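This report concerns only the one structure given below.
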Ligand SMILES: Nc1ncnc2c1ncn2[C@@H]1O[C@H](COP(=O)(O)OP(=O)(O)OP(=O)(O)O)[C@@H](O)[C@H]1O
Ligand SMILES: [Mg+2]
């Protein structure tokens, strides 16, 4: 799978720009604040229907304009597909694939596989559980149909239940309706996460072994907040009932997959807390690289990879490992400077110079 072409209209700091890409390596080079990350964001938007930054859709529109449009031609299994997204200033978003309007943005991400490596991702091991949950959510949304819709349902119900818990008068029968639904969707999320982490663990360990020269055993372990093996739905529902008085007192839902985490350890030591920076980065890199392997084996498709400013975060050895393991995937890399170190490790590819929202190809 690869992106053949993108056309940006009033997107971020781009006014009007049409760019053709190599199906292998594409390097976006330019000084700070010129539009490198914006271009990756545009590419990502057409595969996920939303940005990888947490921003409001309308913030993607070029300052002072009424709307933006991003159009890409994506090649999948030898066929070309056109995806077009239009966002208007009043916050409306329309997505079309092959001219047909999509009902939900999530229809896109189950079709197109893309992985972003950002400096933030290099911190997923050491930062708070929310970052690791976001990682699992993003991955599962791509490889398991229905996961994102279950997750969105769960979030909606959780929000409503939490709002209800803040009310002055609470009716247990009303709460019970939320509990039933929360347990139903929550249990689906828990079992999919469990299966995914079991799948991810060995792949991740293998990659980590290769990077560290077989020195360390990396282990991933799902840490579900609602911990049980069978009949998760009933168990979670029972737990919500049991903790109801506590929830009323705290005015929020204390238990559920919104509190999950993944334990990451090397040779038995929990490196989220006790790992060296090097161990944490290597594990983070292994996690991201195992995403590629899992998507490929689960879907038969090679995901498109976006590397935003990550090379400078890694030492030479890890850079080389990363680039070598990217194989035949289409790759978009941003860099402020193609230093000797970086260019030595990069395979030859198309270079694009980006200046103030203008792109110059093939220098
Ligand atoms: N909606 C928008 N309209 C116009 N310009 C915007 C909009 N959003 C962001 N920008 C501008 O885009 C520029 C940032 O672009 P971007 O983040 O892509 O930079 P970059 O090339 O990745 O830089 P760095 O090397 O620092 O990461 C900023 O100057 C910002 O003001
Ligand atoms: Mg940037």
Original post:
Where the centroid of each part is defined by its Cα atoms, how far is the stretch 113-170 from the stretch 288-326 in Å?
Top reply: 23
**OP:** Using just the helices of the chain, give the 222 nm mean residue ellipticity in deg cm²/dmol: DSSP H runs with n ≥ 4 each add -39,500 (n - 2.57), and the total is spread over all residues, rounded to 500.
**Re:** -13500 deg cm²/dmol
Original post:
Where does the chain land on Rg/Rh, using Cα atoms and the Kirkwood Rh?
Top reply: 0.99
Original post:
With a 10 Å Cβ neighbour count serving as the proxy for reagent exposure, in which order, fewest first, do 196, 63, 28 appear?
Top reply: 63, 196, 28
Subject >> Degrees between helix 172-212 axis and first principal axis of the chain (Cα, 0 to 90, nearest 10) >> reply: 40
**OP:** Would you please classify the overall shape of the stretch 128-300 from the alpha carbon gyration tensor, given that a ≥ b ≥ c denote the square roots of the eigenvalues, rounded means a/c under 1.5, and beyond that prolate means a/b larger than b/c while oblate covers the rest?
**Re:** prolate
**OP:** If a/c stays under 1.5 just call it rounded; otherwise compare a/b with b/c (prolate if a/b is bigger, oblate if not). Do that for the stretch 1-142, with a ≥ b ≥ c from the square roots of the Cα gyration tensor eigenvalues.
**Re:** rounded
Subject >> Acute angle (nearest 10 degrees) that the helix 316-325 long axis makes with the longest principal axis of the chain, alpha-carbon atoms >> reply: 90
Subject >> Cα centroid separation, the stretch 185-218 to the stretch 15-78 (Å) >> reply: 31
Subject >> Which of 114, 1 has the fewest Cβ neighbours within 10 Å, and the rest in rising order >> reply: 1, 114
Subject >> Residue order, fewest to most beta carbons within 10 Å, for 336, 282 >> reply: 336, 282
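A short reminder: the numbers here are calculations on the coordinates, not readings from a lab. No experiment lies behind these values; they were computed from the predicted model shown. Here Cβ is always computed from backbone atoms with ideal geometry, including for glycine, and neighbour counts include all displayed protein chains.
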